[in-house]
Amino acid sequence: MDFQGIHDRLQAIQAPGLQGADEPREPDPENKKDKGRFGDPFVLVDAKLLPAFLQVCRDDERLNMDLVADFTATDPAKDDENLWINVQLLSIGQKHRLAIKCMIPKANAVMPTSVPVHRSCQWHEREAAEMYGITFEGHPDPRHILLPDDWVGFPMRKDYEFPEEYHGISCK
Amino acid sequence: MLTPIEVVEVAAASPASAQGGTNMLNELLAKAPRPEFVPDWVVPLNAILIGVGILVAIVSLNAMFGTWLERKVSGHIQCRYGPMRVGWHGWLQPLVDGVKLLLKEDMIPKGADRVLYVIAPALVLSSVLAAMTAFPLSREFFFADIDLGLFFILAMTSTTTIGVVMAGWASNSKWSLYGAMREAAQVVAYEIPLGISLLVPVMAAGTFNLIEVSDMQSGGFGVLNWLIWPWVNPLMLPAFLIFFVAILAETKRAPFDLPEAESELVAGFLTEYSGIRWSFFFMEEYAAMLLFCVVGSFFFFGGFESPLTSAAGGMFGDGSVLHQLAAFTTIVVKGFAGIFLMMWLRWTLPRVRIDQIMTMGYKYLTPLALLCVLLAGIWEVFLAPYLPWR
Amino acid sequence: MTSTAQETHEPTITRSDEEVVLDSGEREFMFDVRTQDMEVNFGPQHPATHGVMRILMRADGEVCTGAQPHLGYLHRCAEKIGENVEWLQYLPYTDRYDYLAAMNNNLGYSMAVEKLMGVEIPRRALMIRTICAELNRIGSHLIAFGTYGLDLGAFTPFLYMFREREWMMALFEKICGARLTYSYIRIGGVFNDAPPGWLSEVERFCDTFEEKWKEYCDLLMVNHIFVKRTADVGVIPVDMALDFGLTGPMLRGSGVDFDLRKDMPYELYDEIWKDKAFEIPVGTGEKGTLGDCWDRVYVRVMEMMESIKIVRWCLAAIEPGPVIADIPKTLRVPPGEAYVGIENPRGELGHYVVSDGGKVGVRVRVRGPSFVNLAVLEAILPGALIADAIAIIGSTDIVVGETDR
């Protein structure tokens with residue numbers, strides 16, 4: 001299925017949390033400031049309902065998204081209010097992909113965990129949590145994964161300030 | 001020809017004489033001129049000291065040559081040369097390594113049991129040195145002519161386990177402990193098939209004494225009377241195979257090198273050892289390899305007997321120096337042929353797992369060895385007396 | 001004790017002096033022995049972790065009862081660097097995460113950026129890219145297979161495989177000057193054309209490799225001890241594999257016929273697949289259970305041969321032409337976001353790039369297959385013997401540079 005087909009199917013089964021779709025477009029020739037949008041199309045999903053959405057995608061026989069290929073977060077800009085959660089779903093049986101984007105506010109970056117639906121999210125969520133300061137409610141193992149356990153701050157946020165030193169080692 | 005039961009009875013009746021009849025060292029020293037004031041008891045004492053010196057020299061030279069050979073064999077198997085820099089084809093490499101090991105810092109881990117940690121390598125080495133005393137270098141030159149030589153060797157080599165377990169425990173490292181426990185389990189499991197499989201040639205030969213076993217295989221151009229041949233006893237080949245597998249396990253050689261399995265247990269019981277203490281374990285390993293290979297060649301492959309020995313005996317007379325030299329060469333060549341085979345296996349095969357090694361030892365090798373003994377006994381008692389060539 | 005450890009030892013052993021009837025029907029008497037679980041630090045400096053990784057293992061004697069991988073010893077902030085350097089400058093960093101398959105990493109990153117830019121890649125460049133990626137796949141699988149033998153105690157095959165890998169690296173050295181971190185596949189094509197005689201040498205390499213490959217199969221794959229050590233060990237059922245998001249040989253070892261080169265083809269693979277030039281080997285459970293260590297290794301070994309076929313197809317079809325599209329020195333990537341997943345030797349290597357139209361990326365996310373594949377250890381290690389744990393870790397074929405990035 002192509003993206004349009006997947007989106008239609010999602011609307012047909014009334015997938016929980018589906019907020020819309022974003023498809024690439026050419027720049028508007030009349031508006032000089034508009035540079036367009038390139039790359040992949042994706043669907044926008046409510047972060048609070050992401051696990052339910054993933055479950056529907058997995059269990060629907062025509063979507064059959066049985067693999068979470070990637071689960072990560074993005075900080076689009078320093079002055080942006082939101083963080084993005086980017087999920088790439090992959091269907092082994094139907095051989096198609098779906099990109100999902102969720103917006104969560106930086107001020108209150110809390111969302112439910114998707115581990116009960118896909119266990120592969122476990123380490124991805126741990127990484128997103130330590131790097132972006134997102135709290136995944138109900139995560140079975142909310143430890144740091146790549147960073148040391150005592151690391152302060154969320155390094156992948158755009159407003160992150162490097163510490164002066166770490167355990168007496170200068171970071172500058 | 002004695003029946004097996006008689007063999008055991010006779011062997012048990014005769015006391016193991018540590019200073020057996022014709023020790024060449026003793027004789028030579030007794031003949032040597034000495035000042036009046038030196039008492040007689042100095043002679044055997046000197047003989048013992050010199051013997052120990054020779055033994056230590058043999059063990060260290062064997063370890064040096066063994067490590068060099070191991071590197072060379074592995075290198076050539078793996079499409080490379082091995083050591084090439086020090087001396088011709090790196091033959092001085094073990095010497096340099098020895099110096100390096102001696103100069104290395106002698107470390108004892110903080111949490112280790114210091115006493116046991118220090119004793120363990122010495123215990124390991126001394127037990128194999130003790131076993132080496134039963135190894136005759138030629139028909140006339142030996143350190144101890146023990147009637148129960150085979151029993152003595154088996155008993156002494158199995159005490160190395162105590163040293164290894166001690167080392168593993170004293171290191172206070174979990175990997176060392178794993179290695180030690182594996183060693184204990186493995187050696188205990190393989191002592192049994194090792195001992196039982198050796199009973200087959202013992203029955204055929206009718207003696208436990210290494211020199212006597214060698215003597216009874218003489219004749220037939222130095223080859224045809226070896227015990228391994230099926231016309232002597234058809235059960236000898238399976239017994240030898242069991243024996244060979246068992247000595248691989250006893251000497252901790254691949255594919256049975258579980259106690260020091262480097263990819264699993266870092267280095268097993270050797271993990272915390274360094275420097276000269278570490279090299280003691282290596283000397284033990286190579287000495288045990290040589291010893292078991294020599295035992296194998298005595299009990300299966302004719303011992304001193306070879307075309308070379310019989311030719312030397314025929315040309316220069318039995319017991320002449322050249323004859324003895326030929327005997328010595330023969331046994332060394334045979335021993336190192338066995339060691340080469342072990343090295344070849346080590347650099348070819350993957351390692352087995354602990355449960356597989358135990359299964360093999362207890363479930364297959366031990367019953368098979370017992371079956372071999374039974375069938376060999378039937379052959380020796382009922383068939384061998386009627387064979388024209390026996 | 002022919003049954004495996006998983007059957008005879010449950011993770012939590014209740015010991016009593018009553019008899020226990022096992023699944024296999026055997027009766028086992030458990031005596032009232034008090035044993036204490038021991039925590040063993042498997043790594044960071046352990047010979048079998050293939051890098052600096054630490055697994056905190058709880059063991060009851062030789063049986064592992066729990067395992068917890070600890071990562072991050074090799075964390076080099078690759079993603080943060082991606083947000084601070086220009087698009088083209090990031091390319092050398094991609095070499096560093098999966099250092100055994102650097103060409104594939106270059107390819108994945110380049111494709112992600114190209115997707116945003118919408119450049120047309122010259123056909124010769126695509127050919128050379130495919131040849132390099134497949135040769136590198138062979139090299140990576142050689143390491144995986146060789147070190148797997150090393151983990152199981154067979155030292156020699158490892159060095160045989162290094163001999164062939166050496167030639168592969170010499171080929172790469174001739175084409176780009178580097179032996180490990182190539183940065184050869186660039187955004188828009190490849191850095192330069194293959195030197196004269198290079199393609200014929202690749203052909204000679206293929207001929208030689210096919211002979212040697214048979215030797216490896218005889219030496220290790222069908223070796224009785226090797227089969228005993230790997231069959232029925234570390235079984236990953238299909239649903240577990242999908243649940244943990246495994247890809248690549250890990251997934252195919254469990255019997256799932258899915259390969260991005262075939263099912264979601266990129267670059268030239270569509271043509272090659274339609275030409276029926278290669279096949280996708282899938283685990284069959286030939287020596288034991290479907291999805292055991294042997295199957296995973298089998299898939300890797302067979303894949304090397306398929307890579308040779310792809311290389312041969314490209315060698316037959318390659319034609320002269322330009323090797324790089326017209327790309328400015330300072331890239332300004334149009335705004336947008338793109339995810340490109342390619343078939344790395346270890347599984348799906350995903351690059352998720354976000355651009356706001358500037359010289360520097362907003363987000364460069366690397367989805368490393370090793371990172372995802374490693375997570376399954378937590379589930380399959382408990383119940384295995386220590387020696388089996390080594391076999392299982394080896395069969396996941398991780399590169400720690402990629403798990404930690």
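Okay, here's what the table says:
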item	result
Tally, over the range B:78-92, of residues that are in a helix (DSSP H, G or I) and either at pLDDT 90 or above or loosely packed, with under 13 Cβ neighbours inside 10 Å (or both)	1
Which listed residue is assigned by TED's automatic domain parsing to the domain that holds B:Ser214, of a type in the set (Phe, Trp, Tyr) and crowded, with 23+ Cβ neighbours inside 10 Å, from B:Phe299, B:Phe328, B:Phe340	B:Phe299
Failed item, numbered, when C:Val235 is tested on (1) away from chain A (no Cβ under 12 Å); (2) under 17 Å from C:Ser307 (Cα atoms); (3) open to solvent by 10 Å² or more (accessible area, probe 1.4 Å)	(2)
Single residue of B:Ala246, B:Ala254 found to be open to solvent by less than 10 Å² (accessible area, probe 1.4 Å), assigned to a loop (DSSP other than H, G, I, E, B) and in contact (Cβ under 8 Å) with a residue 12 or more places away in the chain	B:Ala254
Members of the range A:127-143 found to be within 10 Å of another protein chain (Cβ to nearest Cβ), over 21 Å from C:Ala338 (Cβ atoms) and open to solvent by 10 Å² or more (accessible area, probe 1.4 Å), listed by number	A:Asp141, A:Arg143
Conditions (1) out of contact with any helix residue (DSSP H, G or I) (no Cβ under 7 Å at 6 or more places or on another chain); (2) under 11 Å from B:Thr330 (Cα atoms); number of the one not met by B:Phe304	(1)
C:Thr247 being out of contact with any Gly (no Cβ under 8 Å at 6 or more places or on another chain) and among the hydroxyl-bearing types (Ser, Thr, Tyr)	no
Per-region count, the range C:33-84, residues among the aromatic types (Phe, Trp, Tyr) and within 14 Å of chain A (Cβ to nearest Cβ)	1
Strands (runs of 3 or more DSSP E) enclosed by the range C:36-84 - at least 1 residues per element that are small (Gly, Ala, Ser), in contact with a helix residue (DSSP H, G or I) (Cβ under 7 Å, 6 or more places away or on another chain) and surrounded by 17 or more Cβ atoms within 10 Å (Cβ to Cβ)	C:54-60, C:63-70
Filtered residue count, the range A:89-100, keeping only those that are open to solvent by 10 Å² or more (accessible area, probe 1.4 Å) and of a type outside the set (A, V, I, L, M)	4
Members of the range B:204-243 found to be in a helix (DSSP H, G or I) and at pLDDT below 85, listed by number	B:Ala204, B:Ala205, B:Leu210, B:Ile211, B:Glu212, B:Val213, B:Ser214, B:Asp215, B:Met216, B:Gly220, B:Phe221, B:Gly222
Where B:Gln78 falls short, out of the listed (1) away from chain C (no Cβ under 14 Å); (2) more than 20 Å from B:Gly275 (Cβ to Cβ)	(1)
Test: residue in the range C:183-199 that is assigned by TED's automatic domain parsing to the domain that holds C:Thr396 and part of a helix (DSSP H, G or I)	yes
Pick from the range B:257-290, criterion assigned to a helix (DSSP H, G or I) and within 14 Å of another protein chain (Cβ to nearest Cβ), ranking: most open to solvent (accessible area, probe 1.4 Å)	B:Glu260
Candidate set: the range A:88-108, residues that are within 16 Å of A:Tyr132 (Cα to Cα) and among the hydrophobic types (A, V, I, L, M, F, W, C); chosen: the one modelled with the lowest pLDDT	A:Ala107
Within the range C:159-179, tally of residues that are open to solvent by 60 Å² or more (accessible area, probe 1.4 Å), away from chain B (no Cβ under 13 Å) and closer than 18 Å to C:Ser200 by Cβ	2
Tally, over the range C:246-262, of residues that are more than 14 Å from the chain's Cα centre (by Cα) and either assigned to a loop (DSSP other than H, G, I, E, B) or outside the structural domain of C:Met304 (by TED's automatic domain parsing) (or both)	5
Neighbours by Cβ (under 7 Å, 6+ apart or cross-chain): first from the range A:51-73, within 15 Å of A:Arg97 (Cα to Cα) and within 13 Å of chain C (Cβ to nearest Cβ); second β-branched (Val, Ile, Thr) and in a loop (DSSP other than H, G, I, E, B)	A:Leu54/A:Val117; A:Arg58/A:Val117; A:Asp66/A:Ile92; A:Leu67/A:Ile92
Conditions (1) open to solvent by 30 Å² or more (accessible area, probe 1.4 Å); (2) within 15 Å of the chain's Cα centre (by Cα); (3) within 14 Å of chain B (Cβ to nearest Cβ); number of the one not met by C:Tyr148	(1)
For C:Gly291: the one exception among (1) part of a loop (DSSP other than H, G, I, E, B); (2) away from chain A (no Cβ under 11 Å); (3) of a type outside the set (A, V, I, L, M); (4) at negative phi	(4)
Top-ranked residue of the range A:144-161 - restricted to ones that are facing another protein chain (nearest Cβ under 10 Å) and of a type in the set (Phe, Trp, Tyr), ranked as surrounded by the fewest Cβ atoms within 10 Å (Cβ to Cβ)	A:Trp151
Single unsatisfied condition, A:Val110 versus (1) under 22 Å from C:Val372 (Cα atoms); (2) among the β-branched types (Val, Ile, Thr); (3) more than 10 Å from every other protein chain (Cβ to nearest Cβ)	(1)
Among residues of the range A:63-87, those that are out of contact with any helix residue (DSSP H, G or I) (no Cβ under 9 Å at 6 or more places or on another chain) and open to solvent by 10 Å² or more (accessible area, probe 1.4 Å), counted	8
Any chance C:Ser183 is within 17 Å of the chain's Cα centre (by Cα) and away from chain B (no Cβ under 14 Å)	no
Those residues of the range B:29-71 which are open to solvent by 40 Å² or more (accessible area, probe 1.4 Å), among the aliphatic types (A, V, I, L, M) and closer than 27 Å to B:Leu125 by Cβ, in sequence order	B:Leu29, B:Leu45, B:Ile48, B:Leu49, B:Ile50, B:Val52, B:Ile54, B:Val56, B:Ala57, B:Leu61, B:Met64
Matching helices (runs of 4 or more DSSP H) fully within the range C:303-405 where at least 2 residues are within 12 Å of chain A (Cβ to nearest Cβ) and under 26 Å from the mean Cα position of the chain (by Cα)	C:369-374, C:377-380, C:400-404
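A quick yes/no check of all residues on (1) surrounded by fewer than 24 Cβ atoms within 10 Å (Cβ to Cβ); (2) touching a Cys at 6+ places or on another chain (Cβ under 8 Å):
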{"residue": "C:Gly350", "(1), (2)": "no, no"}
{"residue": "C:Gly357", "(1), (2)": "yes, no"}
{"residue": "C:Arg365", "(1), (2)": "no, no"}
{"residue": "C:Pro369", "(1), (2)": "no, no"}
{"residue": "C:Gly383", "(1), (2)": "yes, yes"}
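The values are calculated or read from the model by the stated rules, or taken from the named source; none is laboratory data. Worth saying up front: this structure is predicted, and the values here are computed from it rather than measured. Glycine also receives a Cβ, built like all others from the backbone with ideal geometry; neighbour counts cover every protein chain displayed. Surface accessibility is based on the protein's heavy atoms, side chains included, excluding ligands, DNA and RNA. Shrake-Rupley method; radii C 1.70, N 1.55, O 1.52, S 1.80 Å.
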